[in-house]
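The values are calculated or read from the model by the stated rules, or taken from the named source; none is laboratory data. Everything numeric in this text was worked out from a predicted model, so none of it was measured. Neighbour counts run over all protein chains shown; Cβ positions are idealised from the backbone, glycine included. Just the protein is used for accessible areas: all its heavy atoms, side chains included, with ligands, DNA and RNA removed. Shrake-Rupley method; radii C 1.70, N 1.55, O 1.52, S 1.80 Å.
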Amino acid sequence: MRVRIIVLVMLAGLLPCLVVLFGAEKFYELRAVELRTAEIQNQCTILGNQLDNYSYLTDPTSEVINANLAQLTNIYNGRVMIIDRELEVVKDTYSLDEGKTDVSENVVRCMMNGETTNHYDRKNHYIEVTSPIFEPGGEDVIGVMLASVATDNIEVTRQIILTQGGIVVGIIMIILAVLSVFTADRMVRPVRRITKGIETVTEGYGDDVLHVDTFTETRKLSEAFNKMLGRLKVLDESREEFVSNVSHELKTPMTSVKVLADSLLEMPDAPVEMYREFMEDIAKEIDRENQIITDLLSLVKMDKTGQTMNITSVNINDLLEQTLKRLRPIANKKNVEVVMESFRPVIAEIDEVKFSLAVSNLVENAIKYNHEGGWVHVSLNADHQYFYIKVEDSGIGIPEKDQPHIFERFYRVDKSHSREIGGTGLGLALVRSAVIAHRGSIKVYSSVGEGTTFTVRIPLIYVAA
């Protein structure tokens, strides 16, 4: 990270510097060439007017004109050629092409259209300008003045700009390198502190271990880590409590069986009725032990990552009817009325076994923790994306402080009351696992003495993770 920050800062400084440097060099070159071209064109126009007055195209011996041409050549370190209507070179300040024919594109175009032309050859460092020569008092082109001017001084200045600009860029990059190293160290230092703090977690859980407030990001990271650490501590405590509860729940029925069996052994002459009563109690405790183990195995299967889901298209209305039919005998014993209300037919993709187990647990709890002569209302509804099951009861309710914990394994709101009613303390944990496995959600609303409402939302179409 430190190296990346340094590289990013260096690039962030280098790119603008290079853009400014080459931009300034290019602007200077274009501007200098533009001014030099305009200056040469102006001189050629002035000389062209003088050529008319001296009829130089027919008699190129005028000392005044030759002196002006020589002066132009010397001042601008260039070459001037006078070309007549027949494209023959009348005068060449270099005395190389006199008497020859010049059919270059710019010369021909200037002769034909009577327009000045210019061309900048950056590679060979010169500017070429053509200017038409008009007949005295007329608009007919009788010749062309071709001036080629060296741009060596422009090239030298351009190189100076690049050289000195490169030195400035180098100095800036050195400064940026120092600043980037300092900045990178300052930015990485909090990360190192966070890393060191995280490493201390391996030594055991303590209080909040991170308090890095150097930047907003590190402060938020510290807060998030401390929350995660708190959650890990809760999970660790929950795991220990779970192991303790499992041991206790499995041991309790065995203890009862042991006590009952020892009592029978100590009474060899006990009446048959007592034997029958004790054996019935032993059978109940064995059934309870078996139920705890069954629920634990179901919970473990649901907790497995990538658990197998046997997804099929199921009629939810029929499934609820069948579930309530199985549970009505339990409700009848407590004189609890179970009513189902369906707003529309619902077909959804679910694992029938897991989902049926969840609904059974919800309805069975609503019956068990209800008043004598109470009621349980189960409703089914759906929209275009989800179906909704609501289980309402007129039971004893759940205190607000206990509601966040009711889906935890073996959690009991009232342990003595729950023990009287029966159950393993795993029912709602199984419900939550089944709902989450279907990518759904479950919520609880309850008031003590007024009853409880569970709402379940499940997608109509199952989407695998």
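For the range 90-108, which residues satisfy the criterion of being surrounded by 11 or more Cβ atoms within 10 Å (Cβ to Cβ), hydrophobic (A, V, I, L, M, F, W, C) and out of contact with any Phe, Trp or Tyr (no Cβ under 9 Å at 6 or more places or on another chain)? VAL107, VAL108, listed by residue number.
Note on the range 150-196: residues that are open to solvent by 50 Å² or more (accessible area, probe 1.4 Å) and in contact with a Cys (Cβ under 9 Å, 6 or more places away or on another chain) total 2.
Only one residue in VAL89, VAL9, VAL64, VAL80 is of a type in the set (Val, Ile, Thr) and within 30 Å of SER180 (Cβ to Cβ), so which one is that? I'd like the intermediate steps shown before the answer.
Working: VAL89 fails: within 30 Å of SER180 (Cβ to Cβ); VAL64 fails: within 30 Å of SER180 (Cβ to Cβ); VAL80 fails: within 30 Å of SER180 (Cβ to Cβ).
Answer to the check: VAL9.
Scanning the range 131-149 for residues that are in contact with a helix residue (DSSP H, G or I) (Cβ under 7 Å, 6 or more places away or on another chain), surrounded by 15 or more Cβ atoms within 10 Å (Cβ to Cβ) and in contact (Cβ under 8 Å) with a residue 60 or more places away in the chain yields a count of 9.
Any residue in the range 44-60 that is under 60 Å from the mean Cα position of the chain (by Cα) and part of a helix (DSSP H, G or I)?
no
Which of the residues that make up the range 109-118 are open to solvent by 80 Å² or more (accessible area, probe 1.4 Å) and either within 24 Å of ALA32 (Cα to Cα) or touching a residue at least 40 places away in the same chain (Cβ under 8 Å) (or both)? Answer for the range 109-118, where residues must be open to solvent by 80 Å² or more (accessible area, probe 1.4 Å) and either within 24 Å of ALA32 (Cα to Cα) or touching a residue at least 40 places away in the same chain (Cβ under 8 Å) (or both): GLU115, ASN118. Residues of the range 361-393 that are open to solvent by less than 30 Å² (accessible area, probe 1.4 Å) and aromatic (Phe, Trp, Tyr): PHE387 alone.
Restricting the range 201-232 to residues that are of a type in the set (Phe, Trp, Tyr) and at pLDDT 65 or above leaves a set whose member that is least open to solvent (accessible area, probe 1.4 Å) is PHE225.
Annotation: LEU235 fulfils all but one of (1) modelled with pLDDT of 75 or more; (2) under 33 Å from the mean Cα position of the chain (by Cα); (3) closer than 30 Å to THR294 by Cα; the unmet one is (1). Pairing residues of the range 61-75 that are among the β-branched types (Val, Ile, Thr) with residues that are surrounded by 12 or more Cβ atoms within 10 Å (Cβ to Cβ) and part of a helix (DSSP H, G or I), at Cβ distances under 8 Å and at least 6 apart in sequence or on separate chains, gives VAL64/GLN50; VAL64/TYR54; ILE65/LEU47; ILE65/GLN50; ILE65/LEU51; ILE65/TYR54.
When the residues of the range 333-360 are filtered to those that are among the polar types (S, T, N, Q) and modelled with pLDDT of 90 or more, the one that is least open to solvent (accessible area, probe 1.4 Å) is SER342.
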